[in-house]
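Computed from the coordinates by the stated procedures, all read-outs in this text should not be read as laboratory data. Just so it is clear, the structure is predicted and the values come from calculations on it, not from any experiment. Cβ sites come from the backbone with ideal geometry, for glycine too, and all protein chains shown count toward neighbours.
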Amino acid sequence: MVEFRAADSLAEALFSLPEPWRGRFLIFLADRATRWAWNGRTPTRKEVADWLGDDHLYEALALMLYTWQGLPVRKSYLLPLL
């Protein structure tokens with residue numbers, strides 16, 4: 001389980017993205033977190049932070065975001081998972 005502080009920080013980074021990227025990342029996460037049962041609405045910040053508490057979802061979204069932003073992917077970004 002990822003610490004809430006780390007999950008909330010990643011949620012903040014996702015919500016700070018400009019559209020259309022914010023919506024794309026959030027719906028991608030919502031679909032996977034609910035196993036494609038999501039209703040299509042934009043998830044709340046609390047829902048996103050809760051879902052990012054899952055190790056696998058946190059790691060996947062963090063890696064996607066860092067790669068998309070052109071940042072080098074280093075294990076130190078994923079310290080909350082260790």
| Separation of region 1-15 and region 26-69 by C-alpha centroid, Å? | 10
| Globularity index of the chain, i.e. its alpha-carbon radius of gyration over 2.2 N^0.38 Å | 1.01
| task | Using the Cα centre as the reference, give the magnitude of the dipole from point charges on the C-beta atoms of region 4-81 (Lys, Arg: +1; Asp, Glu: -1; all else neutral), rounded to the nearest 20 debye. | result | 100
| request: For E3 and W21, calculate 0.36 nm times their separation in residues minus their Cα-Cα distance, and state this gained length in nm to one decimal. | output: 4.0 nm
